[in-house]
Amino acid sequence: MDDTAVAAGYIIVYQDVRGKYGSEGDYVMTRPLKGPLNPTDNDHATDTYDTIDWLIKNVPESNGRVGTIGGSYEGYTTVMSTVHAHPALKVAVPFAPMIDGWMGDDFFHNGAFRQDGSLQYVYGQEATRKGDASWWTNARDTYEVFLRAGSAGALAKARGVDELGFWRELAAHTAYDSFWQGQAVDKLLAKDPPKVPMLIVSGLFDQEDIYGGPALYQALAGSDPQGEASPPRSRAVEPWPGTQGGTRHRPDHV
């Protein structure tokens, strides 16, 4: 995709999210928008705004027109870029975006905790700033690992995952409480639809983020039942996995 974009004359910029790799600040998993769940002055929307503002003013080759694109976690940050967006942002393409981590994306599926992958992901994201800590196992089947531990909580404690911030949130909010409802992106954007044209891409075979794309489209289309919205919102659904190997372990927004 990068080669095609460069050949078409696009300038590609990758930026680590706040608190990861070379970026300053503290990392918060899928940092909520400023408000009750985020008392700071920063979120992915403000960070993207500042980045776009810097780029169009400091990259001589820029024509002042910017698009954001990304999948999974980067799909989340791509959607966040459209909230009170910079005037230079002209289009956003989130694919398999993480929209609601309890209803169907990543961690809970309508209340059923997704054990395979969740502990490993939280550990990989939060154990070190560089994301260079690797989950380890002496079993071929992850199911066997959980059987030996007895529960997800016991395994988290044995591996030290229970010391990490987001795991503590998962353990404390197993129900669909205000923690999850207050950061459900589809509900937030339904109340205040973004003014940036958006192409939402989803995959039909996705154990992690199959919920987000359709939910986001439904939320935005609900405010425009005749399909006459400006900006336009489109959705593409393909018979392949929506997330791609590797993108889950390095959150960037483009």
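The values are calculated or read from the model by the stated rules, or taken from the named source; none is laboratory data. On a predicted model such as this, the values are computed, not experimentally measured, just so you know. Ideal geometry is used to build each Cβ from the backbone, glycine not excepted, and the neighbour counts take in all protein chains shown. Calculation scope for accessible area: heavy atoms of the full protein, side chains included, ligands and nucleic acids excluded. Shrake-Rupley method; radii C 1.70, N 1.55, O 1.52, S 1.80 Å.
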Compactness ratio of region 16-63: Cα Rg over 2.2 N^0.38 Å, N = residue count? 1.31
Can you give me the three principal axis dimensions of region 164-221 from its C-alpha atoms, in Å, biggest first? 36, 29, 18
Rounded to the nearest 5, the percent of DSSP beta bridges in the chain running antiparallel is 25
Sorting 151, 175, 139 by the position of each Cα along the dipole of region 136-180 (Lys, Arg +1; Asp, Glu -1; all at Cβ), the one nearest the positive end of that ordering is 139
Based on the Kirkwood radius over alpha-carbon pairs, what value in µm²/s does the Stokes-Einstein equation return for the translational diffusion coefficient of region 62-155 at 10 °C and 1.306 mPa s? 100
Reviewing (1) 37; (2) 44; (3) 49, the figure for percent of Cα pairs over 25 Å apart actually calculated from this model sits under (2)
Fully extended, how many nm does the chain gain between residue 187 and residue 57 (0.36 nm per residue separation, minus their Cα-Cα distance)? 43.4 nm
Could the peptides 212-221, 122-131, 140-149 be put in order, highest first, of the mean number of other beta-carbon atoms found within 10 Å of their residues? 212-221, 122-131, 140-149
Keeping the other protein chains in place, figure out the carbon and sulfur percent of the accessible area of the chain, with a 1.4 Å probe. 53
Which of the pairs 57/191; 90/191; 157/191; 20/187; 57/187 have their Cα atoms more than 30 Å apart in this structure? 57/191; 157/191; 57/187
If the only charges are +1 at each Lys and Arg Cβ and -1 at each Asp and Glu Cβ, what is the size of the charge dipole of the chain around the Cα centre, to the nearest 20 debye? 100
Which value, to two decimals, describes the C-alpha radius of gyration of region 35-91 once divided by 2.2 N^0.38 Å? 1.18
